[in-house]
Every structure is written in structure tokens, then in C-alpha cells.
Amino acid sequence: MLLDDARDTMRTESINRRKNTQPVRIPQISPISLISLLYALSLYIFYRQGFISGQTFISVAAVVLGFVVLFYSVFRLGLNLRFEEPSLMLPQLVTSLLIMLIVAYLERATQIALVPFILIAFSFGIFRLSTGSLIGLSFGCLSSYLAIIVLRGQAEGFVDAFRADLVQWCVLALTLPGMILVGKQIQNLRQLLRATRYQLEHYEEKSARDELTGLYNRRQLQTELEQVKLQADTSSIPFTICLIDIDRFKEINDNNGHLTGDTILKEFAKTARDSIRDTDVLGRYGGDEFLQILPDTDLKGAVMHAERLRVYAHFLDFQKILAQKHISLSIGVAQYRNGEKITDLIARADAALYQAKQLGRNRVEWVSSE
């Protein structure tokens, strides 16, 4: 249970540390909007060159605009959240493909633009739709296109234009599955990279933690100290450290065994962790010593916190494993001096800790920041 609590706290600390980092928002481009815009632009070119009538262009543009407004309203009002797939990728792509197929059937001249725009439409769905949906959509698209070619061929008498249309359909029928296959391979690579990144973050987090208590280890504490020192030097924000020692811990280990000592360390670590702010840093400095970093805290505030922690630790109940039932803490406190080396700061806190032990233990001592 204690290790589970430690892992939960590790996750909480990671989340809290990311709160100050604003996520980068990548704008979501609606497929129906982008594809329709590009397709309408191509129709305008056809119109300017005299291949389609102005009435056809205006009618298609009005339909496209209507669907763009429709989907925009759905997303704006949050109605898409009622569906299992909130991006509504499949309905958007079906709408785009239907518009293009109908226009290609009504205006033969626009058929030359059909294949590239179909590929553009599918490029949006490859990373969002399932393989089954893509196969079904491909089959429906190819079948509809083939039906258009056959119907037109029957009306025109299956002349050479029919053969050209059929060749174009064959090219699309060969290209579309290949495009989907490549897209799925890319999707699999993205998932692999995502899993690898998660594992690296997990190992990085694990390497920064003390295995027994779940707190930061000494190496990570050094990193945290350098960061808070840099902040203090550049912005003159004070910070203070507390060097914490469990009194007579070696005797506890010798008299009661290392398992008892481990239990005490874990229980104390949990209590200390629960008593700090989200911005504070707590770690196991070595053996029975712990180091706490209190950003934006002066000496007086740190001493008050140390006294509170000392009282909390005293009331931990170890009567089942310890003859004396309780533990006590000696704590040395030192505030950072601008431009001071980290080693000098720790040395001053260690001197205060030594003084606390010399004065009878179970107390907090500090070194003036002047």
C-alpha cells in the first residue's frame, strides 16, 4: 500500500509540475472545410476556362457552403460530443466524397480532378478511422465511381472516352489501397513512438526516485537545487532548505532490524510528502537523511514548517514495531544567500543539523541568512 501511495504521489507531482507549462494547441482543420475549399477553387478554374457553367459552379458552391456551416455549427454547439467519435471524421469524408462524385457525374469535365481530391480526402481519414471503416469507405467510393463511368458509358455508347474513364478508375483502384496501407504503417510507427516515449518518460522518472520511499533521490535533488538557485539568482526570489535526520536511526536498525527501519522510512516519507506544498521538493538525501527545498520561502517560514513536520513525525505510531513507540527528528534549516554555491548552502544546513543533535535532538536549528 505504501509503495502504491508513493507511485500515486509521483504521478501527482508530475502533473503538478506540468501545470505551469502551457500545452501547444495545434489547430484542428476540418476535412470538409479544407477539401471543399480546394475543390470549390478547382471548380472556379473550370468555370473560368469555360468547362462548366456558372450555374453549376454557383450551385455546387452553395451546397459546399451549406455543409461547411452545418458541420461548423455542430462543432461549435458541442453536438459532436454526443457521438462515439467526436471528430465526426467518417460523416465529413462521406459528405466530401459524395459532393465530388455527384459533380463528376453531372459535369464530365470535372472528372479529371476527382482522383487527386479523393486521395486528399482519404489522407485525412487514414490516421483517424479504423481499417474496417477505411476499407468500407474505399469500396463504396470505388463502386460509386465505377457506376458513374458505366452509366455514362451506356448513355454515350461506350466510346473511347469510356475506356479512358475506366483506365482512370483502375489507377484509383490501385492507388487507394496502397495509400491506405502506407498510412496504416505510418500510424503503427506513430503508436510505437508514442509507446517508446512513454517508456522513456517512465524510466526517466524512475531513475530520479528513491526506490524505497518514492521520493526524489540525491541526484535529482541536486538538479532541483540548481534550478531553484538559478531562479533565485535571476528573480531574487528566496528559497530555503531543510536537512532532516531521524534521530538514532542506526540504533533502531541495529536493535529492530532493517525491515523495521525501512517501514519507518516509508511512513515518515509519506507523512512528510503529505505536509508539503505542490511547489516544494522533498527527497531522500541519503540513509536516514532527507532534504526539503522550499521555494519562495524565507528562513522564518521554513523554520515554522520544520517545526510542524517535527511534530507530525513525533505523533507517528510505531508501537507495534518499536519499544519507544515514536520517533523524533533533528532538522537544520538554512536560507540561500544570493550567489552562494549549493555545496555551501548544504554545509550550512548540515551545521545547523549538527547543532540540533548536540543540543539534545528532537529540535529545529537554523543558520542566519545574513
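Each reported figure results from applying straightforward, stated rules to the coordinates on display, with no laboratory input. Since the model is a prediction, treat every value here as computed from it, not as a measurement. Reconstructed Cβ throughout: ideal geometry from the backbone, glycine too, with neighbour counts over all protein chains shown.
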Item checked: Computed over the chain, the ratio Rg/Rh where both radii use C-alpha atoms and Rh is Kirkwood -> 1.29
Margin query: Can you sort I112, I118 from fewest to most other Cβ atoms within 10 Å of each residue's own Cβ?
Written below: I112, I118
Next item on the list: Tabulate in residue order the Karplus-calculated ³J(HN,Hα) for segment 312-328, using 6.51 cos²θ - 1.76 cosθ + 1.60 with θ = phi - 60°, rounded to whole Hz; enter x for Gly and Pro.
Entry: 4, 5, 5, 8, 5, 9, 10, 5, 6, 10, 10, 5, 7, 6, 10, 10, 9
Check: Which entries in the list K250/K325; K250/K357; K229/K341; K266/K325 go over 19 Å, if you measure between the two C-alpha atoms of each?
Finding: none
Item checked: Amide H contacts of W366 (H built 1.01 Å from N, under 5 Å, at least 5 apart or other chain) -> V333
Next item on the list: Taking trypsin sites (Lys or Arg not before Pro) as candidate sites, keep only those in a DSSP loop with at most 10 other Cβ atoms within 10 Å, then name the longest stretch of the chain containing none of them.
Entry: 26-319
Next item on the list: Quick one: what are the phi-derived ³J(HN,Hα) couplings along segment 260-271, Karplus 6.51/-1.76/1.60 with θ = phi - 60°, whole Hz, x for glycine and proline?
Entry: 5, x, 5, 4, 5, 4, 5, 5, 5, 4, 5, 5
Notebook entry, point to check: Could you give me the ³J(HN,Hα) list for segment 40-57, computed from phi with Karplus coefficients 6.51, -1.76, 1.60 and θ = phi - 60°, whole Hz, x at Gly and Pro?
Noted result: 4, 5, 5, 5, 5, 5, 4, 5, 5, 8, x, 7, 10, 7, x, 5, 5, 4
Notebook entry, point to check: Looking at the chain, what % of its DSSP beta bridges pair antiparallel, to the nearest 5?
Noted result: 75 percent
Next item on the list: Please give, to one decimal in nm, the separation of the simple spin-label points placed at L230 and E85, each 7 Å out from Cα toward the Cβ.
Entry: 4.4 nm
Next item on the list: First obtain the Kirkwood hydrodynamic radius of segment 247-324 from its Cα pairs, then insert it into the Stokes-Einstein equation at 20 °C and 1.002 mPa s, and state the resulting D in µm² per second as a whole number.
Entry: 157 µm²/s
Item checked: Exposed-loop-free span, longest in the chain, where chymotrypsin sites (Phe, Trp or Tyr not before Pro) count as exposed if DSSP calls them loop and at most 15 other C-beta atoms lie within 10 Å -> 159-314
Check: Cα-based Rg (one decimal) and Dmax (whole number) for segment 210-367, in Å?
Finding: 15.2, 50
Notebook entry, point to check: What are the residues whose amide H is under 5 Å from the amide H of S328, where those residues sit 5 or more places off or on another chain and H is modelled from the backbone?
Noted result: D247
Checklist line | Relative exposure of V167, V150, judged by other C-beta atoms within 10 Å (fewest first) | finding: V167, V150
Checklist line | Summed side-chain charge close to Y285 - residues other than Y285 whose Cβ falls under 13 Å, Lys, Arg +1, Asp, Glu -1 | finding: -3
Check: For F127, what charge total do you get from the other residues with a beta carbon under 10 Å from its beta carbon, if Lys and Arg give +1 and Asp and Glu give -1?
Finding: +3
